[in-house]
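Visitor: Encoded as structure tokens, here's the structure I'll be asking about.
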Amino acid sequence: MDNQPVMTENTPSADTQKGTLQSPQGHREKYAEWLRIIAAFTVVFQHTVTSAWYDTPVSTPDFFVLTFLNSLTRFGVGVFIMISGAFMLSPKYPHPPRKILKHNLTRIVALIAFWVVFYGIVDALCVGIKNGAGIGETIVNVISAPVLLFTTPATHLWFLYVIAGLYLITPALRVFTEHASKNMVLYVIAIFFAFGLVFPTVNHLLGKWFEFTLYKNIGIRGCTTFAGFYLTGFYIAQYGLGKTARRLLYSAAAISWVVALFYSTYISLLRDAPNEFFFGNFRPTTFLMAAGIFCLFRQKFGETTTQNEKFIFFSKCMLGVYIVHPLFIKSFYGLHLSILIPHPIVTAPLMTVVFFGLSLYTVRLFRKIPGIRKIL
């Protein structure tokens, strides 16, 4: 998530940036720094809310409040990926295949390996204590934690696998973005939107409401990946959108939020169980909300850069915040506390700030330790 190269004020081109990429005094684009922080906060907010949402009876007022709060948070992951695409795919920034595979991909793989094993060990110990498992059984579960890398890693770590996959295809995508016209990039995004988002959504709804599905081979399976978000971030950052297009996107994002909130509430009541279909990452609603937020900040800050070291450091901690925040959420519920008391409209945002703050402090503390920076 921290793929943004630094820039010097008078040398914006890729060729002249090579000597300044690691400079602590370099400029970084302000819109991306803000988006990274906001996206991380909304992910923490989402996980804080959904940790109670799934188990709250749908007929209670608390469920409606949690559904409303949940609907406000679902753009976070999409924005993260758009930020990565904006910088990893831009011809302005030097990302040769060797650098991507040796530096970016290697770091993500190291993060995956460490944190999957770490969470596996923590989970084995917690489950062992809770269930009164014997020492031998607990030791076996701890030793077998590396197997989780290929089976069932901690749920939130799926995002790291996605980033690793995107890095693998980035060299090929860069060949495309360096030579394709603006309209050609938009054409590919339109294919992703139509066949990766709209078609599966329509097909699902037809099957649920009319017991009728479209011919499966009409869809293009390869479109159902996060590469569409990746390219969208590049497109908006590289070309921007005209005034009319921005208004249409903002309107579509707002309508998408209303549709997602209404559908989730209605179907949850109808089936007496939480329904998050339109909150999913591969729904047109989520994509449009993420694209709208990304475009809004890109338009607001434009090419404005920052050298504020505290602000930049704060932004760089966001991947770490994403990785460690579930530790605090689980600890909260381990103490038999609840965001429903006294009321979720107050407690959920408040505890989100607490979890976010504790995560940030933890990351900030550990990043000062030599070597730890590579895993946070």
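Visitor: Restricting attention to the stretch 46-80, and to residues there that are touching a Leu at 6+ places or on another chain (Cβ under 7 Å) and among the hydrophobic types (A, V, I, L, M, F, W, C), which single residue is most open to solvent (accessible area, probe 1.4 Å)?
Guide: PHE68
Visitor: Same structure, new question: Within the stretch 125-150, count every residue that is in contact with a helix residue (DSSP H, G or I) (Cβ under 9 Å, 6 or more places away or on another chain), among the small types (Gly, Ala, Ser) and surrounded by fewer than 16 Cβ atoms within 10 Å (Cβ to Cβ).
Guide: Total satisfying the criteria: 2.
Visitor: Any chance you could count how many residues in the stretch 270-327 are over 22 Å from LEU205 (Cβ atoms), open to solvent by less than 60 Å² (accessible area, probe 1.4 Å) and assigned to a helix (DSSP H, G or I)?
Guide: Adding up the residues that qualify gives 21.
Visitor: Within the stretch 98-124, work out how many residues are open to solvent by 80 Å² or more (accessible area, probe 1.4 Å), farther than 21 Å from SER84 by Cα and free of Cβ contacts under 8 Å to residues at least 40 places away in the same chain.
Guide: Counting residues in the stretch 98-124 that are open to solvent by 80 Å² or more (accessible area, probe 1.4 Å), farther than 21 Å from SER84 by Cα and free of Cβ contacts under 8 Å to residues at least 40 places away in the same chain gives 1.
Visitor: Follow-up. Give the residues of the stretch 227-244 that are open to solvent by less than 40 Å² (accessible area, probe 1.4 Å) and touching a helix residue (DSSP H, G or I) at 6+ places or on another chain (Cβ under 6 Å), sorted by residue number. I'd like the intermediate steps shown before the answer.
Guide: First, the residues of the stretch 227-244 that are open to solvent by less than 40 Å² (accessible area, probe 1.4 Å): 227-237, 240.
Across the stretch 227-244, the qualifying residues are GLY228, PHE229, TYR230, LEU231, THR232, GLY233, PHE234, TYR235, ILE236, ALA237.
Visitor: Does THR152 satisfy the criteria of being under 26 Å from VAL363 (Cα atoms) and of a type in the set (Val, Ile, Thr)? Break it down stepwise before answering.
Guide: Working: under 26 Å from VAL363 (Cα atoms): yes; of a type in the set (Val, Ile, Thr): yes.
Taking the combined requirement at face value, the residue satisfies it.
Visitor: Starting from the stretch 176-203, keep only residues that are open to solvent by less than 60 Å² (accessible area, probe 1.4 Å), then list their pairs with residues that are charged (D, E, K, R) and in a loop (DSSP other than H, G, I, E, B) whose Cβ atoms are within a distance under 7 Å, requiring at least 6 positions of separation or different chains.
Guide: LEU197/ARG283; THR201/ARG283
Visitor: So if I check each of PRO91, PRO153, which one is open to solvent by 20 Å² or more (accessible area, probe 1.4 Å), within 24 Å of the chain's Cα centre (by Cα) and within 21 Å of PHE176 (Cβ to Cβ)? Before the answer, list the steps.
Guide: Details: PRO153 fails: within 21 Å of PHE176 (Cβ to Cβ).
It is PRO91.
Visitor: Next question, about the same structure. Just give me the residues in the stretch 329-376 being of a type in the set (Lys, Arg), assigned to a helix (DSSP H, G or I) and either at pLDDT 95 or above or surrounded by fewer than 13 Cβ atoms within 10 Å (Cβ to Cβ) (or both), in sequence order.
Guide: So the first thing to find is which residues in the stretch 329-376 are of a type in the set (Lys, Arg), and the list is 330, 364, 367-368, 373-374.
With the extra rule that they be assigned to a helix (DSSP H, G or I), the set shrinks to 330, 364, 373-374.
Hit for the stretch 329-376 is LYS374, nothing else.
Visitor: Does HIS27 meet the test of being modelled with pLDDT of 85 or more, open to solvent by 10 Å² or more (accessible area, probe 1.4 Å) and not β-branched (Val, Ile, Thr)?
Guide: Details: modelled with pLDDT of 85 or more: no; open to solvent by 10 Å² or more (accessible area, probe 1.4 Å): yes; not β-branched (Val, Ile, Thr): yes.
The answer is no for HIS27.
The values are calculated or read from the model by the stated rules, or taken from the named source; none is laboratory data. All of these numbers come straight from a predicted model, not from anything done at the bench. Note that we place each Cβ from the backbone using ideal geometry, even for glycine, and neighbour counts take in every protein chain shown. Just the protein is used for accessible areas: all its heavy atoms, side chains included, with ligands, DNA and RNA removed. Shrake-Rupley method; radii C 1.70, N 1.55, O 1.52, S 1.80 Å.
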